[in-house]
1. Label the chain by shape, choosing from rounded, prolate and oblate, from the square roots a ≥ b ≥ c of the eigenvalues of the Cα gyration tensor; if a/c is under 1.5 it is rounded, and otherwise prolate applies when a/b is larger than b/c, oblate when it is not.
2. Would you mind pulling out the separation of the Cα centroids of the stretch 40-64 and the stretch 1-27, in Å?
3. Find how much the distance from residue 73 to residue 29 grows on full extension, using 0.36 nm per residue of separation minus their present alpha carbon separation; answer in nm with one decimal.
4. Sort 203-210, 252-259 by packing, meaning the average of other beta carbons within 10 Å per residue, with the highest value first.
5. On average over all directions, what projected area in square nanometres does the stretch 263-365 have, based on the convex hull of its Cα atoms?
6. What is the chain's relative contact order, in percent, from Cα pairs under 8 angstrom and six or more apart in sequence?
7. Would you mind putting 213-220, 288-295 in packing order, based on average other-beta-carbon counts within 10 Å, highest first?
8. In nm, give the distance between the simple-model label positions of residue 95 and residue 57, each being 7 Å from the Cα along the Cα-to-Cβ direction.
């Protein structure tokens, strides 16, 4: 991440790595107890070994994300720890749904209904879903601990409970419907638009980012509120289209084997933009990515359909180019007003790409001996092609 593979300037040129790693250790030391408390409520029948496994799977990434995104600029270890717990509970919920936990899907849908005011917290919820819901509610506790601005809290909770988890639950159910139907092409007649839109919205960027940004606001009262962020149409168009879609592209490439149920221990079948080459779906996906150039759209759709290693590199380079180009095209007043928010966006996008690289090692690295650090470094180098002629060439020659 600190090598800035996408933007080149997301992080300072010099990172005090020793201090960063020391902060990771400090956050993690207190994180485990709080996260384990959430898991115990959500999984009351789980053994200590089962809880250890979840903590070990989810914890390091959650803690490292909080410390590395803030890049040593925040010394507020306690609030970063609270943010890490909230992110870990989010990851746990997402991972549980990906692995076929119907009780978690039901719990997410209930919490979403409560967040919208369509259900009361006192309403009965049956069985294991009630426990999962109790675990999920630890997110709200952490948000209220780390955020000094009550007006920001609803925006953070909506980003987590509605934009991410509720949409993820819906895509999980649609994935099951598609799978039960034998991957019938007729599924896309009705669902292409919804699946494309929701898979981009639930990319996860704003859930983690709003948590970290709120800590920055605690220390700098002059920063715009999250309400201002969400009400800025120019900024949110960039987030909705370019930022969210790029995170989804990076995440789906890393998860494409898992989402095809090739590793049952990690996940059941889930719709993935690299695995479902239906033109209706891909047309809507590229459309919601903000791509209106028909030649570029067609070229990307072809690459998504084939999804070879070369296609992935082309797609990653194109989305990276579009990210840089869109960011550079923002009006100067927007850049100035939201400088901190945009910096955190850029760092989160760097994290999304690096996470995909990690997933490549996790899956392909077991089978494909050509996946080496050198090959991935070459991919990182190619990603940074910023030549002005790249996009023109990409339209016609992936």
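We did not get these values from a lab; they are worked out from the coordinates using the rules stated. Values in this document were obtained by computation on a predicted structure and should not be read as measured data. Neighbour counts are summed over all protein chains in view; Cβ atoms, including those assigned to glycine, are modelled from backbone coordinates with ideal geometry.
1. Working: a/c = 1.41, a/b = 1.14, b/c = 1.24.
Rounded, because the longest to shortest axis ratio a/c is under 1.5.
2. So the two Cα centres are separated by 26 Å.
3. Details: separation 44, 0.36 × 44 = 15.84 nm, distance 1.99 nm.
Going from the current span to full extension adds 13.8 nm.
4. Details: 203-210: 25.1, 252-259: 22.6.
Result, highest mean Cβ count within 10 Å first: 203-210, 252-259.
5. Values: hull surface 31.8 nm².
Its Cα hull, projected and averaged over all orientations, spans 7.9 nm².
6. Numbers: 493 pairs, mean separation 77.2, N = 398.
Relative contact order comes out at 19 percent.
7. Descending packing order for the listed peptides: 213-220, 288-295.
8. 0.5
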